[in-house]
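See below for the structure under consideration.
The values are calculated or read from the model by the stated rules, or taken from the named source; none is laboratory data. Since the structure is predicted, the reported quantities are computational estimates derived from the model, not experimental observations. Note: ideal-geometry Cβ built from the backbone for every residue, glycine included; neighbour counts use all protein chains shown. For accessibility, only protein heavy atoms count, side chains too; no ligands or nucleic acids. Shrake-Rupley method; radii C 1.70, N 1.55, O 1.52, S 1.80 Å.
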Amino acid sequence: MSKELLNQVKKVFTKRFKNKPYLIFSPGRINIIGEHVDYNEGFVLPAAVNKGIIAAIGKSDTGFSTAIALDLDSTIKFDLDKLKPSKGGSWENYVFGVVAELQNRNKVIGDFNIVFKGNIPSGAGMSSSAALENSVVFGLNKLFDLQLSKEEMILISQKAEHNYVGVKCGIMDQYASMFGIKNHALLLDCRTITSKPYAINFKNHQLILINTNVKHNLSDSAYNDRRSVCESIAELLKIDSLRDASEKDLEEIINKVTPENYQKALFVIQEIERTQKAAEALQNNNLETLGALLYTSHNGLQHQYKVSCDELDFLVEQAKKDKGVLGARMMGGGFGGCTINLIERNKVKEFADSTSKAYKNKFNNDCSVYYIELSEGTHIIK
Ligand code: GLA
């Protein structure tokens, strides 16, 4: 968490609203493996990171509420009784969506003011949206003593994204952001919404992210489309979700689905298995196996699930050429954002430099390298 960010948010809030706010840090996340399987009730292996959103929140006595997104220099005033999604996918939908979902659950809140700013690059696939939703629900819970559990809060954040933003996301991002544990990844069972922490200590290896700095437009519609393909195949198989399917089950309906959709479902079944193997590899500190699983996961995301893009594929190809990298893959929803790389510590600089150069040559655009630390989930800053 950045001190500078904290001071900035605090200062703007107190200057503008003249009272003392609650301050909240809500982190973004990485995902080691288990991509596009959370909405299939599978297993994922995310972790909260030290980049996130800082929000200052307090009550308002002006008869309306105000939200200020400092990064965007954007302010909105709103009436809690007249909320509806605003068009154009703007940031306020994350705030409105959380409030609307609290109202749906008959949780009574009053007018409030919120100021926030983050240091998660947007579109990086590091869940800045879940961080924002969680900061809002966490702050409102505290401010109006709503007595919500963390489990309830993440479901509210997820619903905000479904109903106000229009992305039918799974639960991974909100979970990781809320429940993160310092220096740990979480093996999350997306069916029971419970997790097992895995201490991450790679000794002479580390995880780094490389941001393509692109986000292709179709990502939201493609996301919802993938989800509905999975649901329709689960329906054909007469099961609740692909979590319950085996490769053999899928083979039995091969004639009833298109070859493309067959591959998508196959990817999901295989990715759920890979995630469990990855957790086992983590447990045994078997980094070679973990790395190989990352490469296989990317291959599936690229060719079977088809959510990658040229920029991401290029970064993974660069990684494969470097002996210091044990594994790499695209991370998050896809169509841009970051790759996650498992790499030998003393090779990092060399790899970062050569990859940046190659990327610039190829796309005439810069990529960015991020060094991350695994951090605690959403919390009040004392
Ligand atoms: C986005 C969604 C998550 C998850 C990932 C893909 O980040 O918000 O729920 O589905 O994509 O694994």
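Computed quantities for the displayed model
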read-out: Zone of PHE64's modelled label, taken as backbone nitrogen in the range 76-95 under 13 Å from a point 7 Å along Cα→Cβ; value: 76-83
read-out: Square roots of 5 times each gyration tensor eigenvalue, C-alpha, the chain, largest first, Å; value: 34, 25, 19
read-out: Shape of the range 205-371, Cα gyration tensor, a/c cut at 1.5; value: oblate
read-out: Net lengthening on full extension, ASN217/ASN346 (0.36 nm per residue, minus Cα-Cα); value: 42.8 nm
read-out: For the chain, accessible area per residue (1.4 Å probe, heavy atoms of protein chains only), Å²; value: 44
read-out: For the chain, with +1 on Lys and Arg beta carbons and -1 on Asp and Glu, the positive-most of ALA67, LEU146, TYR305 along the dipole; value: ALA67
read-out: Linear extension gain, ASP366 paired with LYS182, 0.36 nm per residue minus alpha-carbon span; value: 63.2 nm
read-out: Within the accessible area of the chain (1.4 Å probe), percent carbon and sulfur; value: 47
read-out: Accessible-area value, CYS169, 1.4 Å probe, nucleic acids and ligands omitted, Å²; value: 10
read-out: DSSP beta bridge pairing in the chain, given as percent antiparallel to the nearest 5; value: 90
read-out: Dipole axis of the chain (+1 Lys, Arg; -1 Asp, Glu on Cβ), positive-most option in GLY334, ASN361, GLY52; value: GLY52
read-out: Cut-off under 5 Å, modelled amide H: who pairs with GLY42 long-range; value: CYS190
read-out: Given charges at Cβ of Lys, Arg, Asp, Glu: the chain dipole, positive-most of ALA100, ILE171, ASN19; value: ASN19
read-out: ASN204/SER246 FRET efficiency (R0 25 Å; Cβ-Cβ; nearest 0.05); value: 0.10
read-out: Computed accessible area, GLU311, all protein chains, 1.4 angstrom probe, square angstrom; value: 30
read-out: Phi to ³J(HN,Hα) by Karplus 6.51 cos²θ - 1.76 cosθ + 1.60 over the range 271-283, Hz, x for Gly, Pro; value: 5, 5, 5, 4, 5, 5, 5, 5, 5, 5, 5, 4, 4
read-out: For a label point 7 Å along the Cα-to-beta-carbon line of ILE380, residues of the range 114-148 with backbone N under 18 Å; value: 114-115, 134-148
read-out: Derived scalar couplings ³J(HN,Hα) [the range 249-259; Karplus, 6.51 cos²θ - 1.76 cosθ + 1.60; whole Hz; x for Gly, Pro]; value: 4, 5, 4, 5, 10, 3, 7, 9, 10, 5, x
read-out: Tilt relative to the chain, helix 3-17 - C-alpha long axis, 0 to 90 degrees, to 10; value: 30
read-out: ARG243, ARG345, reordered so the largest accessible area comes first (probe 1.4 Å); value: ARG345, ARG243
read-out: Net dipole in debye of the chain [+1 Lys, Arg Cβ; -1 Asp, Glu Cβ; about Cα centre; nearest 20]; value: 1380
read-out: Local net charge near LYS347, Cβ-Cβ under 10 Å (Lys/Arg +1, Asp/Glu -1); value: 0
read-out: Heavy atoms of MET1: accessible area, 1.4 Å probe, square angstrom to 10; value: 90
